[in-house]
Amino acid sequence: MTTTSAPAKPGGARVRVQQLGTFLSGMVMPNLPAFIAWGLITSLFISAGWLPNGILGGFGDAATIGWPGAATSIAVGEDGNNFQQYAGLVGPMITYLLPLLIANTGGRMVYGQRGGVVATIATMGVIVGSTIPMFLGAMIVGPLAAWIMKQIDRLWDGKIRPGFEMLVNNFSGGIVGGILAIGAFFGVAPLIQGLTNLLSAGIDGLLNLGLLPLTSIIIEPAKVLFLNNAINHGVITPVATPEALENGKSILFLLEANPGPGVGILIAFAVFGVGAARASAPGAIIIQFFGGIHEIYFPYVLMKPQLILAAIGGGMTGVATNVIFNSGLVGPAAPGSIIAVMLVTAKDSYIGVILSVVLAATVSFLISAVLLRASRRKDLAAEAAGDDALAAAVAQNAANNGGESRVGALLGGDEAIDHGQSTVLTETRLQNIVFACDAGMGSSAMGASVLRNKLKKAGVTDVTVTNVAIANLNSDVDLVVTHTDLTDRARQKTPNAEHVSVENFMNSPKYDEVVNRVAAQHTR
């Protein structure tokens, strides 16, 4: 089963920025459960938490609390005297666990398991060489260490005498990792600490001048261009997490994750929109506000680019509200659902956070309503003429996402564009089917789930259907399913496999072709 593909579009600056953002966020997103766990533990057990606990939160005099065997450290009291303080969970997790997870993930992205191990070793140097949590250091040192190991391995690739492979691999990895850890300790850690201090000073300056809401002028348009994950998990989370450790919360976690601006735009479409946009808006509201998938409202803004003013206005209102109330989250809200936001809201910030969402939605709704009312007559005329603006916007949204998007599926549409691809069935027996997308999560995971359910209903239970990132595709694949714009990249990774291109991971008629073929093979 092969598919002809449209010629690849040349990439511009936006595409390169997306690729960099995908790589940065790709180091953080798989580890978000650890960030959330840390945020929940912090909100519960620190001294200002819901259930203060000196043993778990890492505060108080260990001699007074009395829990034998638990790790302790030296702390300085208000009277200037030293005392034994429990290490707790909060400090070690943010200092060691989270950066090392990021480093290992980044190393694996560059050079597999071996790269992950060397990246972790090297990142220990940057962690212990500084006095702040080294998220940025892990995102730099981890992939760099893995790349260096990869280049060094190439020097003796194919030249090692049989029987000495394990000896060379283990010692070369250990030696290189150790050297890089020492280099990171003395060379990289001071630079990253200086950069982090500079970023923190810049944020404090914006706060002191009351200018933090202006960040929405950059963040909201960037989100619509599908840079939301790059901004939130590639930039904001590494900077906000140390701030949350120091202050018990951070306003930065809400700069991108606030669901208010998006839901305000969708409510305006539900009230003042026309045609398919109005009909689909109520369902999109539920998915965006409660499911946390902000991508659902991007096509509505792309359909009417002037609505970016509503998103910016709502975003600035939300940030300003949090500044006024000094509110914030204890950890990242992932996904950006109102449920996730409430779960990680700091104990003293519920009023400010709730108001920031409500007021952001209100402002974006009002601005959107004015703009939609102004163009309503024109929109009605276009609808009468059969112009499907929403479908075109969904297609543009997919293009902005580098060729993959969950939005068309979530809005309930069929294939958005027909690029003229044709499916040619062959006689290869299919046993291992893989859905691949840029990050290996999200859209490809949903597509794999849909096909598994279809195969199960057809009585086929011995065919493997999985989802991976395109970079992780290997030769042990019979059929690869990708979005149309990603098929050429997938074919380069697995030239001997069959490839199917789809526009909609959730609802493609090509799935039925695959199911029918597999079912026919199992009846022979």
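Take Val301 and tell me if it is over 18 Å from the mean Cα position of the chain (by Cα), within 19 Å of Ala369 (Cα to Cα) and touching a residue at least 12 places away in the same chain (Cβ under 8 Å).
Judged against the criteria, Val301 is a match.
All but one of (1) at pLDDT below 85; (2) not in a loop (DSSP other than H, G, I, E, B) hold for Gly292; which doesn't?
In the conditions (1) at pLDDT below 85; (2) not in a loop (DSSP other than H, G, I, E, B), Gly292 misses (2) alone.
Among all residue pairs at least 6 apart or on different chains, which show Cβ distances below 8 Å where the first residue, located in segment 200-225, is over 25 Å from Gln306 (Cβ atoms) and the second is of a type in the set (Asp, Glu)?
Ser200/Glu243; Ile203/Glu243
Which ranges mark the helices (runs of 4 or more DSSP H) fully within segment 179-253 that have 2 or more residues being modelled with pLDDT under 85 and not hydroxyl-bearing (Ser, Thr, Tyr)?
Fully inside segment 179-253 and qualifying: 189-209, 228-231, 237-247.
Can you tell me how many residues within segment 317-354 are open to solvent by less than 60 Å² (accessible area, probe 1.4 Å), among the aliphatic types (A, V, I, L, M) and part of a helix (DSSP H, G or I)? Show your work before the answer.
Start the filter on segment 317-354 by keeping residues that are open to solvent by less than 60 Å² (accessible area, probe 1.4 Å), which leaves 317-323, 327-334, 336-338, 340-342, 344-346, 349, 352-353.
Then keep just the ones that are among the aliphatic types (A, V, I, L, M); that gives 319-320, 323, 329-330, 333-334, 338, 340-342, 344, 346, 353.
This time we only want the ones that are part of a helix (DSSP H, G or I), so: 319-320, 323, 338, 340-342, 353.
Qualifying residue count, segment 317-354: 8.
Filter segment 476-490 for residues that are modelled with pLDDT of 85 or more and not hydrophobic (A, V, I, L, M, F, W, C); which is least open to solvent (accessible area, probe 1.4 Å)?
Filtering first and then ranking leaves Thr482.
I'd like the residue in segment 446-475 that is part of a strand (DSSP E or B) and within 20 Å of Val518 (Cα to Cα) and, out of all such residues, is least open to solvent (accessible area, probe 1.4 Å).
Across segment 446-475, the extreme among qualifying residues is Val465.
Residues to consider are Leu180, Leu167, Leu214, Leu195; find the one that is farther than 26 Å from Val141 by Cα, hydrophobic (A, V, I, L, M, F, W, C) and open to solvent by 20 Å² or more (accessible area, probe 1.4 Å).
Answer to the selection: Leu214.
Tell me which of these Phe253 doesn't satisfy, since it passes every other one: (1) among the aromatic types (Phe, Trp, Tyr); (2) crowded, with 24+ Cβ neighbours inside 10 Å; (3) under 20 Å from Val363 (Cβ atoms).
(3)
In segment 142-163, which residue that is part of a helix (DSSP H, G or I) and out of contact with any helix residue (DSSP H, G or I) (no Cβ under 9 Å at 6 or more places or on another chain) is least open to solvent (accessible area, probe 1.4 Å)?
Checking each candidate, the answer is Gln151.
For residues in segment 275-284 being farther than 17 Å from Ile308 by Cβ and buried (at least 21 other Cβ atoms within 10 Å of the Cβ), which is modelled with the highest pLDDT?
From segment 275-284, those farther than 17 Å from Ile308 by Cβ are 275-276, 278-284; that's our starting set.
Subset that is buried (at least 21 other Cβ atoms within 10 Å of the Cβ): 280-281, 284.
Working: Ser280: 82, Ala281: 86, Ala284: 83.
In this case the residue turns out to be Ala281.
Given the structure, is Leu136 open to solvent by less than 50 Å² (accessible area, probe 1.4 Å), modelled with pLDDT under 90 and hydrophobic (A, V, I, L, M, F, W, C)?
Values: open to solvent by less than 50 Å² (accessible area, probe 1.4 Å): yes; modelled with pLDDT under 90: yes; hydrophobic (A, V, I, L, M, F, W, C): yes.
Considered against the rule, which asks whether it is open to solvent by less than 50 Å² (accessible area, probe 1.4 Å), modelled with pLDDT under 90 and hydrophobic (A, V, I, L, M, F, W, C), Leu136 comes out as yes.
Identify all residues within segment 304-328 that are closer than 24 Å to Lys378 by Cα and either among the charged types (D, E, K, R) or touching a residue at least 24 places away in the same chain (Cβ under 8 Å) (or both); write none if there are none.
First, pick out the residues of segment 304-328 that are closer than 24 Å to Lys378 by Cα: 304-311.
Listed by number, the residues that qualify are Lys304, Gln306, Leu307, Ile308, Leu309, Ala310, Ala311.
Kindly indicate which of Ser368, Ser422, Ser405 is of a type outside the set (A, V, I, L, M, F, W, C), open to solvent by less than 50 Å² (accessible area, probe 1.4 Å) and at pLDDT below 55.
Just a single option satisfies the conditions, and that option is Ser405.
The values are calculated or read from the model by the stated rules, or taken from the named source; none is laboratory data. Predicted model only: the values in this text are computed from it and were never measured. In this analysis, Cβ positions are derived from the backbone assuming ideal geometry, glycine residues included, and neighbour counts consider all displayed protein chains. SASA here: full protein model, heavy atoms, side chains in, ligands and nucleic acids out. Shrake-Rupley method; radii C 1.70, N 1.55, O 1.52, S 1.80 Å.
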